[in-house]
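The values are calculated or read from the model by the stated rules, or taken from the named source; none is laboratory data. Predicted model, so just to flag it, every value in this text is computed and none were measured. Cβ placement follows ideal geometry from the backbone for every residue including glycine, while neighbour counts extend to all protein chains displayed. Areas reflect the complete protein model, heavy atoms only, side chains present, ligands, DNA and RNA absent. Shrake-Rupley method; radii C 1.70, N 1.55, O 1.52, S 1.80 Å.
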Amino acid sequence: MDLRRTLGPAALLAVLGSCSGHNDEVDQSVGELVVCGSGPTVEGIDVSQWQSTVNWPMVRAAGKRFAIARILHWPTRDTQFDRNWREIRANGLIRGAYIYFDPRYEVAAQADIVVRAVGRLGQGDLPVTLDIEQPPPGLPSPTRYAAMVRDLADRIEAGTGRRPMIYTGRYYWPSYVQSTAFRDHPLWHAQYTTTQPCPYIADAWRNWAFWQYSSTGRVSGISGNVDLDRFNGTYAELQRLAGFPAPTVDAGTPRDVPVVRDVPAASDAPISRDVPVVRDVPAASDAPVARDVPAVIDVSPSADLGATADVSAVVDAGAPDSGDRDVVAMDADVPSTDVAMGDGGEAPSPPPAADEGGCGCRVGRGSAPSPRAPTAFSLLLAGAMLRSRRRRRD
């Protein structure tokens, strides 16, 4: 349609000028809304049997990211729809379908064909589009026409699971349908122009989702002309309209905070040579014990002290619950059944009574440990005696 024939000079300047500084402006002289795109757009096409057999891999390689195929123009079902519906998805494009609605025929019959053709829509499927552009004669009144569009929309939404889109233009809808009741349905706007940067839509909507901006496009993989379309948004927004879930974003995590990874305790990371490493050694470890440093070994009250191995050690026998400890000096020459400590290598003195602490060192097998804690002097004395006995034997 030639704008210069439809609008006077003043109205034409108003339409073209409205895109320079405003995103939503109503040109009252023609009852239309000029709406520029909100930012990025995505390119696609729509096809029917008139494009014959489409080479969809080539269409994808040409940079198209969505395609919308015709199902029906009553009473003829599109001969290429089944193949197009299958191949659009197989080649990684977001797919859509549309019905060219003829209000001169029964709504239910047309809706049933659409629902059987696409079924329940899933991820990657755009809502079905109702193409509302059947020219006169024979059209119903605007009130009746709007009621038929509502019936068709409700039937297709119930069958496919998605609220359908409406395809129309400001050249048609205000004259023949005249309803503002479909603003909650995405608009696919038809307007062919090479000079207008912003589409001027019927003011029954406030924005547009798709814009069919050419009917004479040329795309690799298609012989002849094809309709060119533009989505008003990013590819991620197009995916959401096609049923993909929105990406999950953790709003509580600052973007500039580095990630700290957990390192297992058994990491092979090198250890600084200048920093002493303290390792936990099990009590039953076979690690050698330095001769001049008495090893401190935790022994439970039920430990078997009867071994006569050549071990010189200060044994820390933990008293149950009390935290008090006694010290026992073990020697290969002394029976472990009843161990006592003498002075300077002399024969051991007779053991004191079981309830006595003696020098604070006695533990008899099976008897309760003394509640008295060893003194620092007794520990040093015990170590000195053990070293002295070993040197005499050597």
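In region 163-194, what residues are closer than 15 Å to residue 139 by Cα and in contact (Cβ under 8 Å) with a residue 40 or more places away in the chain?
If the condition is that a residue be closer than 15 Å to residue 139 by Cα and in contact (Cβ under 8 Å) with a residue 40 or more places away in the chain, then 172, 173, 174, 176, 177 are the ones that fit.
Would you mind finding the one in 78, 102 that is over 32 Å from the mean Cα position of the chain (by Cα), within 29 Å of residue 233 (Cβ to Cβ) and charged (D, E, K, R)?
78
For the subset of region 233-246 comprising residues that are open to solvent by 20 Å² or more (accessible area, probe 1.4 Å), farther than 17 Å from residue 88 by Cβ and at pLDDT 95 or above, which member is farthest from the chain's Cα centre (by Cα)?
Among them, the one singled out is 234.
Can you tell me which of 175, 214, 220 is polar (S, T, N, Q) and assigned to a loop (DSSP other than H, G, I, E, B)?
None of the others qualify; the one that does is 220.
So for region 152-162 (the condition being modelled with pLDDT of 95 or more, closer than 13 Å to residue 96 by Cα and β-branched (Val, Ile, Thr)), does at least one residue qualify?
Yes: region 152-162 contains one or more residues that are modelled with pLDDT of 95 or more, closer than 13 Å to residue 96 by Cα and β-branched (Val, Ile, Thr).
Being out of contact with any Lys or Arg (no Cβ under 6 Å at 6 or more places or on another chain) and farther than 16 Å from residue 80 by Cβ is the filter here; which residues of region 44-57 pass it?
Within region 44-57, just 57 meets the criteria.
Can you say whether residue 217 is in contact (Cβ under 8 Å) with a residue 40 or more places away in the chain and open to solvent by less than 10 Å² (accessible area, probe 1.4 Å), as far as the supplied structure shows?
yes
Sort through 150, 206 and tell me the only one that's open to solvent by 40 Å² or more (accessible area, probe 1.4 Å), in contact with a strand residue (DSSP E or B) (Cβ under 9 Å, 6 or more places away or on another chain) and among the basic types (Lys, Arg).
206
Step by step: first the residues of region 157-206, then only those that are touching a helix residue (DSSP H, G or I) at 6+ places or on another chain (Cβ under 8 Å) and of a type in the set (S, T, N, Q), then the one that is nearest to residue 122 (Cα to Cα). Which residue is that?
160
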